[in-house]
Amino acid sequence: VTSSSVDHMEFFSEAAGRIQESALDAANRGNRYINSCLRLNEEMKGVESLAMQLKILRRNVDALDSAVNKLVRLP
């Protein structure tokens, strides 16, 4: 009985160690993912102003296109 108990305790200790390693690895990967998301969030903050500038540019290009079309249609 004692030999069997020792074997079980060793097995349990080894399994617990592997679970701990896996949990630490998962936590590290999770932290890297969160940090990547935070960096991406910071980088994306400037995109809003760029989108507004592109909308204005598109309106201007559309107006230019319309003006050119009117000039081309003149007899």
So, taking all protein chains as they sit and a 1.4 Å probe, how much accessible area belongs to residue 52, in Å² rounded to tens?
100
Fraction of the pair-distance distribution of region 12-55 above 17 Å, Cα-Cα pairs, percent:
57
Determine the gain in length on full extension of the stretch residue 28-residue 11; use 0.36 nm per residue of separation and subtract their C-alpha separation, reporting nm with one decimal.
3.5 nm
If every Lys and Arg gets +1 and every Asp and Glu gets -1 at its Cβ, then about the Cα centre the chain yields a dipole, in debye to the nearest 20, of 1000
Using the Karplus curve 6.51 cos²θ - 1.76 cosθ + 1.60 with θ = phi - 60°, work out ³J(HN,Hα) for each residue of region 26-39 in order, rounded to whole Hz, and write x for Gly and Pro.
5, 5, 5, 5, x, 5, 5, 5, 4, 5, 4, 5, 5, 5
Which of 59, 29, 39 ends up with the largest GNM mean-square fluctuation for the chain, with Cα atoms connected below 10 Å?
59
Most positive-pole-ward Cα, 46, 19, 5, against dipole of the chain from beta carbon charges
46
On C-alpha positions alone, give me the angle between the axis of helix 47-73 and the longest principal axis of the chain, in degrees, nearest 10.
30
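The values are calculated or read from the model by the stated rules, or taken from the named source; none is laboratory data. Only a predicted model underlies this, so the values are computations on that prediction, with no experimental measurement involved. Glycine gets a Cβ as well: all are built from the backbone with ideal geometry, and neighbour counts include every protein chain shown. Surface accessibility is based on the protein's heavy atoms, side chains included, excluding ligands, DNA and RNA. Shrake-Rupley method; radii C 1.70, N 1.55, O 1.52, S 1.80 Å.
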